[in-house]
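Since the structure comes first, as structure tokens, the remarks are kept for the end.
The values are calculated or read from the model by the stated rules, or taken from the named source; none is laboratory data. In this text the structure is predicted, and so the values were computed from the model without any measurement. When we count neighbours, we look across all protein chains shown, and the Cβ atoms used for this are built from the backbone with ideal geometry, even at glycine. Only protein heavy atoms, including side chains, enter the accessible area calculation; ligands, DNA and RNA are left aside. Shrake-Rupley method; radii C 1.70, N 1.55, O 1.52, S 1.80 Å.
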Amino acid sequence: MAVSNNITAILNFVAMMCSFPIIAAGIWLASKPDNECIRWLRWPLVFLGVAFLLVSLAGFAGAYWKKEGLLAVYLVSMFTLIVLLLVLLVLAFVVTRPNGAYAAPGVAFREYRLQGFSSWLRDHVTGSDNWGKIRACLADSQICPKLANNYISAPDFFASHLSPIQSGCCKPPVMCGFQYSNPTTWFGEPNIAAGGGMATDCSIWNNDPRQLCYSCDSCKAGLLGNLREEWRKANIVLIITVVVLIWVYLIACSAYKNAQTEQLFRRYKQGWV
């Protein structure tokens with residue numbers, strides 16, 4: 001039984017180490033400017049990582065001090081957390097699979113169509129109930145002012161690789177036909193015949209730093225484009241972590257079962273059963 005408990009303790013230490021990439025991925029996502037404006041998306045992954053850490057500590061303590069009840073609670077709790085992490089991974093993969101990016105003529109960066117993203121993201125992130133607060137948050141952020149400080153000439157700007165949120169919120173769509181003055185100031189008459197549903201965005205564009213294209217569908221699409229890129233990067237870490245956690249959990253279950261068998265066998269030899 002001591003051998004099985006030692007194995008379980010070592011496996012729980014590995015599980016504790018696996019919680020740190022989950023927490024780190026959650027903190028990385030929460031630190032992104034776009035996630036600062038979507039508060040309900042900021043911390044779930046961090047909380048899940050902390051839950052893995054606490055459950056692993058409980059399992060380590062149960063194995064070290066031979067507390068079978070605590071080990072049983074650990075196994076049930078770890079199974080639940082692994083299922084939650086798998087559900088989160090599947091959801092993140094499904095809703096970030098559609099990509100609304102498209103190539104704009106004459107520029108290095110890409111632009112974004114709202115209709116190109118999943119309906120779940122559109123409804124839960126950029127729906128009318130949420131966008132007012134998100135829009136105000138984006139206007140208060142330094143995303144667009146920083147862009148205006150980084151580029152001066154039009155050739156440099158058009159050759160840049162803007163982030164989705166910079167492309168969608170800080171400038172009008174290229175199809176609008178405005179003339180460049182600086183990254184957040186554009187002049188001329190909008191092209192009301194712009195294709196791809198861009199005509200409305202062209203008429204909404206405003207050089208006011210508090211307005212820009214924050215009310216445009218292209219800005220909503222840019223925000224979703226940023227979320228898509230960030231979550232798909234985080235998913236790589238999470239997939240590796242969940243594979244290790246499943247492997248650790250299966251071995252821990254086997255070790256726990258062996259410990260129970262050893263205990264029953266010892267009691268049998270001693271005539272307790």
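Can you give me the long-range amide H partners of L212? Hydrogens built in the peptide plane at 1.01 Å from N, cutoff under 5 Å, separation of 5 or more residues or another chain.
Amide H neighbours of L212, under 5 Å, 5+ apart: N206.
Express in Å², to the nearest 10, the accessible area of R210 obtained by rolling a 1.4 Å probe over the protein heavy atoms while all chains stay in place.
Number for this one is 120 Å².
Whole-Hz Karplus ³J(HN,Hα) for segment 56-73, in order, using 6.51 cos²θ - 1.76 cosθ + 1.60 and θ = phi - 60°, x for Gly and Pro?
5, 4, 5, x, 4, 5, x, 6, 5, 9, 6, 9, 5, x, 5, 5, 5, 4
Extending each Cα 7 Å along its Cβ direction at D123 and W40, get the distance between those two points in nm, one decimal.
In this crude spin-label approximation the distance works out to 1.2 nm.
Sequence-distant or interchain residues sharing an amide H contact under 5 Å with R110, placed H: which?
L162
Expressed as a fraction of 2.2 N^0.38 Å, the rule-of-thumb size for a compact globular protein of N residues, what is the C-alpha radius of gyration of the chain?
Against the compact-globule rule of thumb, the ratio is 1.39.
Rolling a 1.4 angstrom probe over the protein heavy atoms, how many square angstrom per residue are accessible across the chain?
Working: 13830 Å² over 273 residues.
Result: 51 Å² per residue.
If Lys and Arg each add +1 and Asp and Glu each add -1, what is the summed charge of the other residues whose beta carbon sits under 15 Å from the beta carbon of N207? Present the calculation step by step, with values, prior to reporting the outcome.
On the way: positive: K171, R210; negative: E189, D201, D208.
Neighbourhood net charge equals -1.
What is the magnitude of the charge dipole of the chain about its Cα centre, with +1 placed on the Cβ of each Lys and Arg, -1 on the Cβ of each Asp and Glu, and no other charges, expressed in debye to the nearest 20? Don't skip to the end; give the middle numbers.
Values: 22 positive and 15 negative charges, 222 e Å.
Using Cβ point charges on Lys, Arg, Asp and Glu, the chain gives about 1060 debye.
Taking Cα atoms, how many degrees apart are the long axis of helix 128-140 and the longest axis of the chain, rounded to 10 and kept between 0 and 90?
Between helix and principal axis, roughly 70 degrees.
If you check each cysteine of the chain for another cysteine whose beta-carbon is under 4.7 Å away, which ones come up empty?
Unpaired cysteines in the chain: C18, C253.
So which lysines pass the test for K32, namely a Cα distance under 19 Å, with those fewer than 8 places away in the same chain ruled out?
In chain and number order, the partners are K133, K146, K220, K233.
Which is the longest part of the chain that has none of the chymotrypsin sites (Phe, Trp or Tyr not before Pro) sitting in a DSSP loop with at most 13 other Cβ atoms within 10 Å?
Values: sites that count: W65, W272.
The segment 66-271 is the longest one with no such site.
Once neighbouring chains are kept in place and the probe is 1.4 Å, which whole percent of the accessible area of the chain is contributed by carbon and sulfur?
Working: 8850 of 13830 Å².
Carbon and sulfur together cover 64 percent of it.
Answer with one residue from I38, P105, I152: the one whose Cα lies farthest towards the positive end of the charge dipole of the chain, charges on Cβ with Lys, Arg +1 and Asp, Glu -1.
Checking the options against the dipole of the chain, the answer is I38.
So how do I82, I27 rank on accessible area, 1.4 Å probe, biggest first, that is with the largest at the start? Intermediate results must be reported in sequence, preceding the final value.
Numbers: I82 10, I27 90 Å².
Descending accessible area places them as I27, I82.
Grab the DSSP H runs of the chain that are 4 residues or longer, score each as -39,500 (n - 2.57), total them, divide by all residues and round the 222 nm result to the nearest 500 deg cm²/dmol. Present the calculation step by step, with values, prior to reporting the outcome.
Numbers: 11 runs with 180 residues, N = 273.
Result for the chain, helices only: -22000 deg cm²/dmol.
Restricting to DSSP loop positions (anything but H, G, I, E, B) with no more than 12 other Cβ atoms inside 10 Å of their own Cβ, which trypsin sites (Lys or Arg not before Pro) remain in segment 67-142? Don't skip to the end; give the middle numbers.
On the way: sites: K67, R110, R113, R122, K133, R135; in loops: K67, R113.
Qualifying residues, ordered by number: none.
Provide S118, S203 ordered by accessible surface of protein heavy atoms (probe 1.4 Å), highest first. Can you show the working numbers first?
On the way: S118 15, S203 80 Å².
Sorted descending by solvent-accessible area, the residues read S203, S118.
Viscosity 1.002 mPa s, temperature 20 °C: give me the Stokes-Einstein translational D for segment 9-52 in µm²/s, with Rh taken as the Kirkwood radius over C-alpha pairs. Before the final figure, lay out the partial values.
Details: Rh = 10.8 Å.
My calculation gives 198 µm²/s for D.
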